[in-house]
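Values in this text are rule-based calculations from the coordinates and carry no lab data. Bear in mind that the values here come from a model prediction, so they are computed numbers and not experimental data. Cβ sites come from the backbone with ideal geometry, for glycine too, and all protein chains shown count toward neighbours.
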Amino acid sequence: MQARGIRTAFEAWLHFLRYYLGTSHSDIMRDGMALVKKYGLAGLQEMLTNSHIPPDAENYPAFTYLCQAGNYFLSIWEAAEGEEFILTHNAFGLWEGSACGCPGIHRIFVISPRVALVLRSGLLRPEVMGSINQGLFHSSLLDVTPAPATPIYVSEVGSSSVDSMESALAYCRSKSSSEAANDSFVFQITKLSRHQTLELNSVILTNMKATGSLTFLSRESMLRTARAFRSSPINLPESNLLVPLIEHLTIIGSTETLQPPLQSQTTVPDEDIDALSFVDVALYVLLMQIYTGRKQFASAYDRAYVVLKFIEKRSTPFADGINGEVEKAFHTCKGELHSEEVRSLPEGVRVTLLLSSIPEELSSQLFFFMMPYMGGLGAAMSGGKGILETLQDEVAVVSFLQCASRSPGVWHMLSCSNPEAPNILSKLFKEDTLADRIAASSVELLLDHDSPDTSSSWYDRAYALRDAFGMLGPTTNPVSLDYYRLSAHLIQRLDDVMLVTPNSKRPKARLVHTMPKGQSDFLMVFITEMLRLMGYNHPSEDTRGEDEECSKRIGEMVIVNILAWWGKHRRSSLDFSLKEFPPEMNFKLFEDEDAVVDN
């Protein structure tokens with residue numbers, strides 16, 4: 001700069017630009033070869049690395065030109081129909097990819113919304129790639145396969161093979177001769193697919209700066225490009241700059257009549273998926289507002305509830321991922337139920353709806369309890385690795401609760417899964433649910449001191465009451481909640497002290513509906529003593545009901561529920577305990593099975 005009186009970087013840039021624009025290709029190549037001869041390749045590379053140019057290095061820019069011309073081949077890429085290339089302030093000449101650890105196997109020059117010139121490394125020429133380990137290449141654009149130009153040489157030397165040092169020197173002299181200016185090259189334009197077009201734009205957006213500019217021609221195409229870029233988990237944390245643009249373009253689109261995705265007149269079907277089909281427009285904007293914190297909710301539950309309403313009856317990867325995990329967990333629950341427990345609400349009965357809003361403290365308790373529960377049912381829960389992953393888990397929980405609330409058997413299983421569950425779940429609904437009304441009309445059964453059928457056993461009554469109070473679905477009834485809570489406490493206790501013993505022969509044993517009074521009384525004594533040995537009181541002594549008779553009935557219902565759980569999950573342990581019963585009693589606890597006679 002001192003030698004040439006250049007004062008600013010801008011003037012230096014103009015100085016080099018004048019050289020490139022005012023000098024022919026052949027002359028630049030000759031100047032480059034002269035620099036190589038004077039300083040050697042190693043010396044020039046050291047100058048390039050240290051950014052130190054000797055004042056006597058005439059036409060130094062020729063070396064950069066020489067390297068680029070020798071290491072790359074030119075290709076012409078056309079955007080897919082209905083798509084376009086974008087341009088940012090720093091994207092003209094942007095490099096991409098690496099080979100053998102060296103960066104820059106592509107140099108991208110977008111020259112119009114439809115056309116980009118791409119210099120591609122000579123290592124990616126078809127005749128070279130086959131001899132190189134493909135694992136050494138790292139690029140988002142490797143699936144684009146442009147063919148090098150077909151040359152038409154005017155000189156025989158230019159078209160001859162290069163198989164010796166002498167022929168190589170002759171070739172170089174020929175290429176830098178004045179005759180070579182008359183050589184011609186035929187380029188085949190490479191038409192990109194929609195996916196490939198979006199990938200090239202993604203490379204450009206990856207290098208976008210907050211202080212730069214973004215230029216595009218078509219609003220619809222820019223929206224697809226931005227949303228496709230945002231849909232990639234790799235790009236998501238760095239692509240907040242696009243959120244205001246996406247919202248702006250979406251708002252504009254909502255005031256105009258937009259054609260549905262993939263139905264634009266300029267779009268032709270191909271094997272690619274349109275970026276607009278990834279996420280519903282309204283849902284996408286909502287997710288971006290949540291991700292950036294621009295939209296706030298009173299609780300995480302409220303947020304998940306709103307998103308669930310957006311994804312219902314929509315098919316997007318976000319929704320499909322949630323639905324798949326919910327279906328997996330729900331199917332596992334139903335698989336644990338007997339056929340008579342798998343009930344649906346009668347036709348015409350109004351479904352009990354979840355509340356749309358709950359306090360943050362209750363929301364935290366709900367997800368703290370439900371996340372591990374659904375994970376135990378086989379649902380893949382992310383565990384909160386990021387805000388959108390956490391949101392996906394939370395929406396899955398609320399969706400599962402919505403499904404479970406319509407299946408009394410599944411709701412019973414869920415309510416008995418954790419001692420805290422009844423108190424938490426009951427607060428997700430308004431009072432006077434369908435289950436509340438049925439339970440209220442059946443309370444007198446619990447307080448029936450003078451039953452006319454004196455021959456019936458406590459077991460018969462408890463089995464019927466368990467069916468009436470436990471298998472009703474969502475409820476706020478205190479009697480049902482006491483039953484759930486006490487069942488969960490005892491199941492948790494038994495789960496801690498009993499070994500897991502698989503039961504492949506009888507995995508879904510079903511309790512008998514009725515039992516003789518003598519056998520029933522013996523069973524009560526047996527269960528009561530077993531619980532006391534474990535340090536736990538009889539259920540009827542541990543309830544919080546105000547009426548003693550009501551507490552007793554709840555305790556009997558719980559015992560039947562414990563026996564049902566025991567038969568499903570610890571059958572070998574239960575069979576071992578039942579062998580203590582006298583053989584002459586001919587005791588039978590499960591349907592379609594022989595009485596216990598082996599002592």
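Among 215-224, 570-579, 15-24, what's the highest-first ranking by average C-beta atoms within 10 angstrom per residue? The partial results should precede the final answer.
On the way: 215-224: 19.2, 570-579: 16.5, 15-24: 12.1.
In descending order of packing, they fall as 215-224, 570-579, 15-24.
Give, as a single signed number, the net charge of other residues whose beta carbon lies under 12 Å from the beta carbon of A226, with Lys and Arg counted +1 and Asp and Glu -1.
Numbers: positive: R219, R224, R227, R230; negative: E220, E247.
Around A226, the surrounding residues sum to +2.
How charged is the neighbourhood of Y60? Take every other residue with its Cβ under 12 Å from the Cβ of Y60, and add Lys/Arg as +1 and Asp/Glu as -1.
Working: positive: R4, K38; negative: D31, D56, E58.
It works out to a net charge of -1.
Residue separation times 0.36 nm, minus the C-alpha to C-alpha distance between H15 and N50: what's the value?
Contour length minus Cα-Cα distance gives 10.6 nm.
Please tell me which of these pairs span more than 30 angstrom C-alpha to C-alpha: K427/K517; K309/K568; K430/K588; K328/K552; K191/K295; K430/K552?
K427/K517; K309/K568; K430/K588; K328/K552; K191/K295, as the Cα separations exceed 30 Å there.
For the range 14-112, state the semi-axes of the equivalent ellipsoid (square roots of 5 times the eigenvalues of the alpha-carbon gyration tensor), sorted largest first and rounded to whole angstrom. Before the final figure, lay out the partial values.
On the way: eigenvalues 170, 54, 34 Å².
That gives 29, 16, 13 Å for the three semi-axes.
Please state, rounded to one decimal and in Å, the Kirkwood hydrodynamic radius that the range 300-430 gives when every pair of distinct Cα atoms enters the mean of 1/r.
Result for the range 300-430 stands at 15.1 Å.
Show me 457-466, 108-117, 124-133 ranked by packing, highest mean number of other Cβ atoms within 10 Å first. Working shown, then result.
Working: 457-466: 20.7, 108-117: 17.3, 124-133: 11.7.
Taking the mean over residues of other Cβ atoms within 10 Å, the ranking is 457-466, 108-117, 124-133.
Could you tally the net charge around Q519, taking each other residue with its Cβ under 12 Å from the Cβ of Q519, Lys/Arg +1 and Asp/Glu -1?
Taking every Cβ under 12 Å from that of Q519, the sum is -1.
Quick one: in the range 9-59, what % of C-alpha pairs are over 12 Å apart?
69
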